[in-house]
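Since the structure comes first, as structure tokens, the remarks are kept for the end.
Bear in mind these aren't lab numbers, they're just calculated from the coordinates by the rules spelled out. Being a predicted model, the structure only gives us computed values, none of them experimental. Please note: Cβ atoms are built from the backbone with ideal geometry, for glycine as well, and neighbour counts cover all protein chains shown.
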Amino acid sequence: MRGRGVSLLLAGGLLAGCSAQGTDTGASGGSGSPSAGATGRSAAGATATPSAGATPASTVFTPDASLVPRTSGDGAVLADSVVLAPADWGRGFAARKPAASTPGTWAVLDDDCRWEREKTPPGVLASSSRYSRLPAGDGKGAVQVTAAVTVHASVLGADEQLSTTLEEVLRCPDQQPRANERITGLNSLGTPFGTREQEYADDSVLEAGQYVENGGAAQPYRWMVARLGTVVAAVSVTGAKGNTEQELNQLGADALAKMLERIQQRLKGK
């Protein structure tokens, strides 16, 4: 699946997922916040949880084995070529400060439920996050977004990242990306490939909740994660007054679809 087709599938799955979230409880998402630059290691209770290390019966995409990254250098090249820059989100988006994560690090939830960046552990070849923002205008508040790509040494490791995304909320129902930011009230839904709503990735997770900065008004928040083989792509979208949930879902779906397409383009054989 490519381009607009993936985006439409994503948007449909997101809307279905949001409707189903009324039965879920929990909170998470610090890893996906615009400032945390997360790699998808957040978590929440969900109606469908991927099994760590499980091998799917079928996959949406089979990469050329010779093109799959095996070293940290190759992983960094792939991550940096896939993760979205501000212009990739659309007209008017600009880089935030900081504009990108520190190379050789990824986001980790500490014992106090705060997100910190630490050195990538064995099994994680590379992780790259970029932070962008659409200024307020036309009667709408600013939109803050993050694009993140993590390249693992194995499918098992990549699958475990999504499993962790659905588990850590039990330990930390309320999480803190930065001192002046909080993400609360999240629900989470995991959807593996082959279900009616999900035909665009080997596995996926959607989180939805509220983002608060500097004690201001709560804003709608989305964190969307998808895995293709050993690569995990994720986006976060935080809106403000005047931005509908459908608009935020579509923005995130389009962005995630673009990164999934890039992964396939770079890993497909001739």
Open item on the list: Could you order the peptides 198-205, 73-80 from most to least packed, using the average number of other C-beta atoms within 10 Å per residue?
Closed with: 198-205, 73-80
- [ ] Let me have the relative contact order for segment 103-254, percent, based on Cα pairs under 8 Å that are six or more residues apart.
- [x] 21 percent
Task: Links that overshoot a 30 Å alpha carbon limit, given the list Lys119/Lys140; Lys241/Lys268; Lys140/Lys268; Lys97/Lys258 - done: Lys119/Lys140; Lys241/Lys268; Lys140/Lys268
TODO: Starting from the Kirkwood radius over alpha-carbon pairs of segment 153-249, derive D by Stokes-Einstein at 10 °C in a medium of 1.306 mPa s and give it in µm² s⁻¹.
DONE: 109 µm²/s
Task: Neighbour-limited loop hits for trypsin sites (Lys or Arg not before Pro), segment 103-208 (at most 16 other Cβ within 10 Å; DSSP other than H, G, I, E, B) - done: Arg171, Arg178, Arg196
Open item on the list: Could you tell me what a quarter of the Cα convex hull surface of segment 52-167 works out to, in nm² with one decimal place?
Closed with: 9.6 nm²
